[in-house]
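Read through the structure below, which is laid out as structure tokens, and then see the notes.
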Amino acid sequence: EWEGMARMAIVILVVLSHSVSGFEPGVGASFLARGRPCIAARPMRSVSAALRASADTGAGESIVQRVNGELKAAMRAKDTAVLTALRNMKAALLLAMKEEGTDDLPDAKAIAIMRKLAKMRQESIDMFAKAAGGEERVAEEAAELRLIERFLPRLADEAQTRSWIEEAIANNPAADVGRVMGALMKAHRDDLDGKLAQRLVKEMLG
């Protein structure tokens, strides 16, 4: 129960970071890392079923509608771990909807929120991977990350990213890494894998 409440609080902090200055992206991972050691991790044993359902449904629906649909399916399946992950997502989306004064969110805004949640999960994975006995927590966080990623558009692969970088460099011959990355983010923010792009930009600028 304590762990579930902690996760919900962190989700709210993530969404509030849209408007609160000085929020550190790693705060969620740090908070979880200080969790009570007596609480055992609960890996998502049925996450593969949830992922298959997410892949097979949701055509034409908004991300908010898809999350709600998956939440109902997880409730019927009595899948506690998947339910917790989906409730965290819904809490973040609901807070954003409250701020917007609407009962739905454009996918662009929902994607931005989901990316923040995914980043928080990855930070937790990195942190627990370095901790002694953190294997179960890594598995739990990785399962939740995979579930979040099912609601995100697929990012551009290396070939497409290289093509965009070549175009950005051609348009800015004297540009450095920062300027090229800025141009890429401006043009392809929702489709760009930032880490991949940064590695390729450094490589291609030599």
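The values are calculated or read from the model by the stated rules, or taken from the named source; none is laboratory data. Computed from a predicted model, the values in this text were never measured in an experiment. Positions of Cβ are generated from backbone atoms using ideal geometry, with glycine treated the same way; all protein chains shown enter the neighbour counts.
Per-structure values
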| item | result |
| --- | --- |
| Single residue of 141, 136 found to be in the same structural domain as residue 60 (by TED's automatic domain parsing), modelled with pLDDT of 90 or more and touching a Ser or Thr at 6+ places or on another chain (Cβ under 6 Å) | 141 |
| Residues of segment 186-204 classified as more than 14 Å from residue 167 (Cβ to Cβ) and over 17 Å from the mean Cα position of the chain (by Cα), total | 4 |
| Among the candidates 126, 190, residue that is surrounded by 12 or more Cβ atoms within 10 Å (Cβ to Cβ), modelled with pLDDT under 90, out of contact with any strand residue (DSSP E or B) (no Cβ under 8 Å at 6 or more places or on another chain) and under 29 Å from residue 93 (Cβ atoms) | 190 |
| Condition met for residue 155 (within 30 Å of residue 71 (Cα to Cα) and surrounded by 14 or more Cβ atoms within 10 Å (Cβ to Cβ)) | yes |
| Unmet requirement for residue 70, which otherwise passes all of (1) closer than 24 Å to residue 189 by Cβ; (2) without any contact (Cβ under 8 Å) to a residue 40 or more places away in the chain; (3) surrounded by 22 or more Cβ atoms within 10 Å (Cβ to Cβ) | (1) |
| Subset of segment 84-120 [over 20 Å from residue 154 (Cβ atoms), in contact (Cβ under 8 Å) with a residue 12 or more places away in the chain and among the β-branched types (Val, Ile, Thr)] | 84 |
| Scope segment 156-170; condition over 12 Å from residue 184 (Cα atoms) and acidic (Asp, Glu); matching residues | 157, 158 |
